[in-house]
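The values are calculated or read from the model by the stated rules, or taken from the named source; none is laboratory data. Owing to the predicted nature of the structure, the values given are computational and were not obtained by experimental measurement. Note that we place each Cβ from the backbone using ideal geometry, even for glycine, and neighbour counts take in every protein chain shown.
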């Protein structure tokens with residue numbers, strides 16, 4: 001059974017810092033990994049999708065890497081801003097098991113102090 | 001905006017009642033999946049519908065059921081509501097077979113069972 005763990009559970013940093021969020025998964029037979037952002041009480045906003053054959057994806061100040069063999073992904077946020085405050089979730093889709101849906105971690109709750 | 005819309009946004013029901021939640025998928029997406037997110041947790045996969053058939057299910061009892069319509073919109077039905085069913089219910093649409101099968105989520109329905 002796939003398990004996804006996110007570390008740290010919570011993080012509070014001053015504005016302007018670069019930061020790294022970590023995600024690990026137990027079964028490396030994944031189709032892809034997706035990072036999401038969730039504002040309080042809201043739905044999920046897709047940030048980045050990394051296919052299993054890819055090593056990283058970039059969008060603006062965000063960069064996500066994937067090391068499938070070690071079961072790890074990181075989300076790097078450059079020059080953090082107060083508007084980045086949210087919960088960040090990672091999720092994996094099992095290889096050949098699209099009908100199994102996504103398996104999520106519990107998220108990292110991020111606060112950027114002005 | 002993802003193009004995935006859910007209704008209603010909030011709902012209060014009494015234990016033992018039945019509830020129906022609705023989701024309109026993003027244009028062109030033929031697959032809809034549903035997730036339950038308890039407070040402080042990551043979303044948990046309930047089931048997935050592809051071309052009007054359920055083709056995947058998570059660890060949820062049969063009182064959680066669904067439908068998908070020819071226009072790919074979907075319903076989630078929950079019978080005999082329990083207090084633990086209180087959660088944010090999220091709908092996601094995707095297009096399997098496309099290069100990335102990125103999942104796009106709606107804003108969710110907050111269900112409170114009293």
Q.
On the basis of being in contact (Cβ under 8 Å) with a residue 40 or more places away in the chain and more than 28 Å from residue B:50 (Cβ to Cβ), does residue A:5 make the cut?
A. yes
Q | Lone qualifier among B:102, B:54 - being within 14 Å of another protein chain (Cβ to nearest Cβ), surrounded by fewer than 21 Cβ atoms within 10 Å (Cβ to Cβ) and in a strand (DSSP E or B) | A | B:54
Q) How many of the residues making up segment A:68-79 are touching a strand residue (DSSP E or B) at 6+ places or on another chain (Cβ under 7 Å) and either surrounded by fewer than 18 Cβ atoms within 10 Å (Cβ to Cβ) or over 20 Å from residue A:111 (Cα atoms) (or both)? A) 6
Q: Would you mind stating whether residue B:72 is at pLDDT 95 or above and either within 14 Å of chain A (Cβ to nearest Cβ) or over 12 Å from the mean Cα position of the chain (by Cα) (or both)?
A: no
Q.
Given the options A:52, A:46, A:73, name the one that is away from every other protein chain (no Cβ under 12 Å) and out of contact with any helix residue (DSSP H, G or I) (no Cβ under 6 Å at 6 or more places or on another chain).
A. A:73
Q: Output the number of residues of segment A:80-114 satisfying the condition of being modelled with pLDDT under 90 and out of contact with any strand residue (DSSP E or B) (no Cβ under 6 Å at 6 or more places or on another chain).
A: 4
(Q) Tell me the residue from B:33, B:25 that is over 25 Å from residue B:82 (Cβ atoms) and buried (at least 21 other Cβ atoms within 10 Å of the Cβ), please. (A) B:25
Q. With respect to residue B:66, is the statement that it is within 10 Å of chain A (Cβ to nearest Cβ) and either at positive phi or surrounded by 13 or more Cβ atoms within 10 Å (Cβ to Cβ) (or both) true?
A. no
